[in-house]
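Trainee: Have a look at this one.
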Amino acid sequence: MSAPLVRFDLLTLFPALFDGFLNESILKRAIQKELVAVHRWDIRDWAEGKHKQVDDRPFGGGPGMVLMAPPTVAAVEAVRASAEPPGRLIALTPQGRRLDQDHVRELAREPRLILLCGRYEGFDERILETLEPERLSIGDFVLSGGEVAAMVVVDAVMRLIPGVLGDAESAVDESFGPDGGLEYPHYTRPREFRGREVPEILLGGDHAAIARWRREHRR
Ligand code: ADE
């Protein structure tokens with residue numbers, strides 16, 4: 001049995017948020033084929049005291065709750081030490097570097113990615129100072145937590161791992177290819193929909209003509 005090509009470790013206060021996502025067709029199959037491994041960790045398991053507190057009000061006042069440093073740092077350190085290699089640590093935050101396809105390709109070459117999901121107003125600054133994670137944003141908008149952003153990262157990365165996508169799903173990421181070539185319009189059956197016809201050239205077998213048409217219709 002060979003090791004998965006990429007192992008993800010997801011640290012979150014809400015591991016169950018990933019239930020449906022991990023059971024979705026492509027990712028589920030990739031996990032079954034052992035091309036990808038996904039481990040979920042509940043930060044609360046490292047919280048102390050009767051109440052297992054993981055978040056608290058911000059010093060200085062203001063809205064929302066802040067993820068506490070002690071359980072979060074302990075969780076990350078334990079997870080990193082639980083397997084080899086310690087992995088590339090990424091904190092999901094709207095203040096991070098914006099994810100793009102070049103970055104996704106780079107992440108897909110890593111054997112292990114540790115994704116730290118924040119909640120509430122964010123991370124206690126000492127979490128970031130202590131762990132020095134790479135900070136990643138999936139866009140200039142604010143989510144209520146890093147979990148959805150982590151799913152975006154896992155999805156975009158796993159589909160680049162060799163063997164994860166079948167032919168039918170095609171592992172192209174040509175929209176963001178090295179030549180910056182943009183995607184062309186796609187059509188499938190039926191040949192006519194509400195008066196709109198599939199371009200005639202695509203229905204014939206002239207592959208050179210089809211390639212030319214697609215080049216001309218890149219967008
Ligand atoms: N957490 C909250 N908003 C986020 C975003 N836009 N990207 C990554 N993590 C986030």
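Trainee: So which residues in the range 50-79 are open to solvent by 40 Å² or more (accessible area, probe 1.4 Å), part of a helix (DSSP H, G or I) and within 14 Å of residue 123 (Cα to Cα)?
Mentor: Result: 70, single match.
Trainee: Restricting to the range 101-122, and then to whatever is acidic (Asp, Glu) and open to solvent by less than 70 Å² (accessible area, probe 1.4 Å), can you tell me which residue is nearest to residue 160 (Cα to Cα)?
Mentor: Only one residue fits best here, namely 106.
Trainee: Moving on. Please count how many residues of the range 80-89 are open to solvent by less than 50 Å² (accessible area, probe 1.4 Å) and either near the ligand (Cβ under 10 Å from one of its atoms) or of a type in the set (Lys, Arg) (or both).
Mentor: Result for the range 80-89: 1.
Trainee: Taking the criterion of being within 16 Å of the ligand (Cβ to nearest atom), free of Cβ contacts under 8 Å to residues at least 60 places away in the same chain and over 25 Å from residue 29 (Cβ atoms), would at least one residue in the range 104-122 satisfy it?
Mentor: yes
Trainee: Taking the range 186-202, which residues are within 21 Å of residue 215 (Cα to Cα) and open to solvent by less than 70 Å² (accessible area, probe 1.4 Å)?
Mentor: 198, 199, 201, 202
Trainee: Additional query: Could you give me the residue pairs with C-beta distances under 6 Å whose first residue belongs to the range 71-87 and is β-branched (Val, Ile, Thr), whose second residue is open to solvent by 60 Å² or more (accessible area, probe 1.4 Å) wherever it lies, and which are 6+ apart or on separate chains?
Mentor: Listed by first residue and then by second, the contacts come to 73/130; 79/41.
Trainee: Restricting the first residue to the range 126-137 and requiring it to be closer than 18 Å to residue 68 by Cβ, which pairs with a second residue that is assigned to a helix (DSSP H, G or I) and open to solvent by less than 10 Å² (accessible area, probe 1.4 Å) meet a Cβ separation below 6 Å and a spacing of at least six or different chains?
Mentor: Within 6 Å, the pairs are 127/72; 131/76.
Trainee: Within 14 Å of the ligand (Cβ to nearest atom) and touching a strand residue (DSSP E or B) at 6+ places or on another chain (Cβ under 9 Å): does that describe residue 66? Even if it seems obvious, please write down each step before you answer.
Mentor: On the way: within 14 Å of the ligand (Cβ to nearest atom): yes; touching a strand residue (DSSP E or B) at 6+ places or on another chain (Cβ under 9 Å): yes.
Here the answer is yes, as residue 66 does meet what is asked.
Trainee: Here's a check for you: in the range 123-168, which residue that is exposed (fewer than 13 other Cβ atoms within 10 Å of the Cβ) and assigned to a helix (DSSP H, G or I) is nearest to the ligand (Cβ to nearest atom)?
Mentor: So the residue we want is 125.
Trainee: For the range 1-49, which positions are exposed (fewer than 15 other Cβ atoms within 10 Å of the Cβ) and among the polar types (S, T, N, Q)?
Mentor: Those that are exposed (fewer than 15 other Cβ atoms within 10 Å of the Cβ) and among the polar types (S, T, N, Q): 2, 23, 25, 32.
Trainee: Which residue pairs have Cβ atoms closer than 6 Å, lie 6 or more positions apart in sequence or on different chains, and pair a first residue in the range 192-219 that is assigned to a loop (DSSP other than H, G, I, E, B) with a second residue that is open to solvent by 60 Å² or more (accessible area, probe 1.4 Å)?
Mentor: Qualifying pairs under 6 Å: 198/187; 198/191; 218/182; 219/182.
The values are calculated or read from the model by the stated rules, or taken from the named source; none is laboratory data. Being a predicted model, the structure only gives us computed values, none of them experimental. Cβ: placed from backbone, ideal geometry, glycine included. Neighbour counts: every protein chain shown. The accessibility values were calculated without ligands, DNA or RNA, using every heavy atom of the protein model including side chains. Shrake-Rupley method; radii C 1.70, N 1.55, O 1.52, S 1.80 Å.
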